[in-house]
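Peer 1: Here's a structure for you.
The values are calculated or read from the model by the stated rules, or taken from the named source; none is laboratory data. Because the structure is predicted, anything quoted here is derived from the model rather than measured. Please note: Cβ atoms are built from the backbone with ideal geometry, for glycine as well, and neighbour counts cover all protein chains shown.
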Amino acid sequence: MDALSALMDRYARGENQVFRPLYELMAPRLYRFCLRLTVLKSEADNLFQETFLRLHRARTTYMSGANALYWAFAIARSIHLDRLRYRRRRPRLRADERCSPEADAQARDLTRIITRELTRMSEKNRVAYILLREEGLTATEAAEILGATPDVVKQRAHRANERLKNVLEGRL
């Protein structure tokens, strides 16, 4: 069992003092995952906070020995999908928030292109790509999070990768 999962196991058993080291180990990758799911920093911040809140509330349901980071990824994805469904049911007009002035000043052209293309992809392909290519999970690990088979996850990530490759080749 990795250190993060061991801490989560202790936290699930009620040892509140392990929350800080658990958070410090989990936060960077979980936040990056949230940011890639939502693209917008403000939405990523909210998703990240909501994920930790739900993780805290559901900690007694954590299965000892399970990978805590993957469990957190699954929680974040579930929240994200709930929000997408909510927005589809209640459309509203809003300004294009994809690029804040701070992000625009720091972002490189390549990052903007990839981000734009990821937002245009289906949610299933985008998440498979993020988990495999950016988070470095295996297809089996990603399949556990997504509730799919490893082959389906590989296919989705491949489709996303091919789309990005085609767009980037057209830009270069």
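Yes/no matrix, rows are residues, columns are (1) surrounded by fewer than 19 Cβ atoms within 10 Å (Cβ to Cβ); (2) assigned by TED's automatic domain parsing to the domain that holds Leu118; (3) farther than 26 Å from Thr138 by Cα:
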{"residue": "Ala6", "(1), (2), (3)": "yes, no, no"}
{"residue": "Arg13", "(1), (2), (3)": "yes, no, yes"}
{"residue": "Val18", "(1), (2), (3)": "yes, no, yes"}
{"residue": "Tyr23", "(1), (2), (3)": "yes, no, no"}
{"residue": "Leu30", "(1), (2), (3)": "no, no, no"}
{"residue": "Leu40", "(1), (2), (3)": "yes, no, yes"}
{"residue": "Ala44", "(1), (2), (3)": "no, no, no"}
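Peer 1: For segment 30-58: of the residues being within 21 Å of Ile114 (Cβ to Cβ) and of a type in the set (A, V, I, L, M), which is nearest to the chain's Cα centre (by Cα)?
Peer 2: Out of the qualifying residues, it is Leu37.
Peer 1: Out of everything in segment 68-102 that is at pLDDT 80 or above and of a type in the set (Lys, Arg), what residue ends up being farthest from the chain's Cα centre (by Cα)?
Peer 2: Arg83
Peer 1: Out of curiosity, is Ala143 modelled with pLDDT of 85 or more and closer than 20 Å to Tyr31 by Cβ?
Peer 2: no
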